[in-house]
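This report concerns only the one structure given below.
The values are calculated or read from the model by the stated rules, or taken from the named source; none is laboratory data. Please read all numbers here as calculations on a predicted model, not as lab measurements. Note that we place each Cβ from the backbone using ideal geometry, even for glycine, and neighbour counts take in every protein chain shown.
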Amino acid sequence: MIKLKKLLLEQKTKEEILLDFLREKIKNTKFEGKTFVAGGYVRDMVMGKKSKDIDITVALPNGGIEFATWITKQTGTYKENSNPVIFPSFGTAKFNLPGVKHMGVDIGDIDIECVMTRKEQYKDNSRKPEVDFGTPYEDVERRDLTINSLLYDISNQRILDLTGKGLSDIKNKVIRTPIDSNIIFKEDPLRMLRTIRFSVRYGWKLSDDMIKSLTKNSDMLKNISMERIQDEFNKIILSDSPSQGIKILIETDLMKYIIPEYYKLVGLKQNDYHEWDAFEHSLKVLENSPKRLEVRLAALLHDIGKINTVSNDDGKIHFYGHEFESAKMSKEILTRMKYPNSVINKVIKLVTNHMRTKYMGDDISKATDKALRKFMNEMGDDIEDLLDLIHADNISHGSPGWKHNMENQVDNIRKKLKQLGNFAGKLKMPIDGNKIINMLNIKPNKEIGIILSKFKEMFFENPDKINNMSDEEIEQLIKKIYSSIKK
């Protein structure tokens, strides 16, 4: 019997054990039968997925704050102003139960958000609603999607589908709103992006009516802060079907309020090296890139500069220098979207260099050891991300087997870089500008950069030779270079 109990316990997640604990605590209190888990946790429960999001709603006036305060005091974890953290204007509280164990399991590190069941009313052009106590039904009918409107009754251990749509929509893979989508989107336009995000997250198609509603209300997205838009946009492009998300954003006109420049890629014909137009190619690159934010952003924007660099002066289509124009436009777009400088700078670096290996060919026979060492050194810690971007670009020129897809290039580059050693991009020269100044006993001037550049060429040609030189030999080499440029 003890072994069976232990087995059953091991099969439960920590979150399920927490709910068992809460069930025992609220028994014979005013919270019994009034306390529900809402939203994502219940949706994932129905779909057979594990979830760590514990959002509790309490069907009592000010129930969220009262419950959070009560449970932390009951467990001895209450700390004034810090546990729970209370947001009175929304009737919301956040708390955890540090040090609390149930059935031998530590449940103290689970963050819980708690709120009363509520009805909300939004003023025009504002995401901040006026909040009042409401019934559980009023609470769920104002949620963004039916699949997020389910409740789990903690006391009775049952799922409540008060809209009558949530369970069937999960079964039938339907994305829709609990009530008229025009009302839902007007109350909070960010829900339009959440709708698309869940559609691409699960691969569920949106109905024609939902597409029409998104299009009709798209201009309301301009009332949402770019920081909030960016957060949802990131989740869309980091999904398993990012290209589908971009297509929906374009189709519904929502992209006008995110990256309006992107519309100009649609139908932009490319040269003979490409099977698709610039838009379809960019989406293929996005789809073929790994789920890392900077790489996905770079994939999305790597050819955006083609809209400004297209030429056809000799009967053939060209995009001379498009990588540099793409980097410039990426900076403008990502700055406008309020991305942090660290993300922007990395994306610029990736986009600028995405054409760097094209000349090498699929077998990289045209790449010298010196060029590869220089490439490795200049890319540093970003080399893996750049190679992933280049590979996604290479294999997206056309369908599998397309004659201009260099499907083996990046694999060959990686193999060669490993042979050259120091693959992590840490090839470090033994001197810098300051050392050159000290060796020559001169003041800083433009000649220092020339000397350093010439020394770099020697270093990348044969780093082992340079690294095996003594300090005196390096100094003599620097003085020799200096003498040569003074002549």
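Structure values in brief
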{"quantity": "Search result, residues across the stretch 285-341 that are among the hydroxyl-bearing types (Ser, Thr, Tyr), closer than 16 Å to Met355 by Cβ and surrounded by fewer than 17 Cβ atoms within 10 Å (Cβ to Cβ)", "calculated": "Thr309, Tyr320"}
{"quantity": "Odd one out for Ile237 among (1) of a type outside the set (Phe, Trp, Tyr); (2) assigned by TED's automatic domain parsing to the domain that holds Asp382; (3) touching a residue at least 12 places away in the same chain (Cβ under 8 Å)", "calculated": "(2)"}
{"quantity": "Those residues of the stretch 469-487 which are in a loop (DSSP other than H, G, I, E, B), at pLDDT 85 or above and loosely packed, with under 10 Cβ neighbours inside 10 Å, in sequence order", "calculated": "Ser470"}
{"quantity": "Any hit, the stretch 393-400, residues being under 20 Å from the mean Cα position of the chain (by Cα) and within 21 Å of Ser289 (Cβ to Cβ)", "calculated": "yes"}
{"quantity": "The stretch 342-366, subset in a loop (DSSP other than H, G, I, E, B) and without any contact (Cβ under 8 Å) to a residue 24 or more places away in the chain, residue surrounded by the most Cβ atoms within 10 Å (Cβ to Cβ)", "calculated": "Lys366"}
{"quantity": "Qualifying residue in the stretch 239-249 (condition: more than 21 Å from Thr135 (Cα to Cα), crowded, with 19+ Cβ neighbours inside 10 Å and more than 24 Å from the chain's Cα centre (by Cα))", "calculated": "no"}
{"quantity": "Pairs with Cβ under 9 Å, 6+ apart, first in the stretch 367-384 and touching a residue at least 12 places away in the same chain (Cβ under 8 Å), second among the acidic types (Asp, Glu)", "calculated": "Asp369/Glu461; Lys370/Glu457; Lys370/Glu461; Arg373/Glu461; Lys374/Glu457; Met379/Asp385; Asp382/Glu294"}
{"quantity": "Residue among Asp169, Asp144 that alone is at pLDDT below 95 and either under 30 Å from the mean Cα position of the chain (by Cα) or more than 18 Å from Thr92 (Cα to Cα) (or both)", "calculated": "Asp144"}
{"quantity": "Lys186 being surrounded by 14 or more Cβ atoms within 10 Å (Cβ to Cβ), at pLDDT below 95 and either of a type outside the set (Lys, Arg) or outside the structural domain of Lys34 (by TED's automatic domain parsing) (or both)", "calculated": "yes"}
{"quantity": "Condition broken by Asp272, with the remaining ones in (1) closer than 27 Å to Lys216 by Cα; (2) not in a helix (DSSP H, G or I) satisfied", "calculated": "(1)"}
{"quantity": "Pair list, Cβ under 7 Å, 6 or more apart: the stretch 263-274 residue among the polar types (S, T, N, Q), other residue part of a loop (DSSP other than H, G, I, E, B)", "calculated": "Gln270/Asp277; Gln270/Ile317; Asn271/Lys316; Asn271/Ile317"}
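Listed here are the residues, each with its yes/no results for (1) out of contact with any Pro (no Cβ under 9 Å at 6 or more places or on another chain); (2) over 24 Å from Leu334 (Cβ atoms); (3) not assigned by TED's automatic domain parsing to the domain that holds Ala298.
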| position | (1), (2), (3) |
| --- | --- |
| Asp362 | yes, yes, no |
| Lys370 | yes, yes, no |
| Leu387 | yes, no, no |
| Ala392 | no, no, no |
| Asp411 | yes, yes, no |
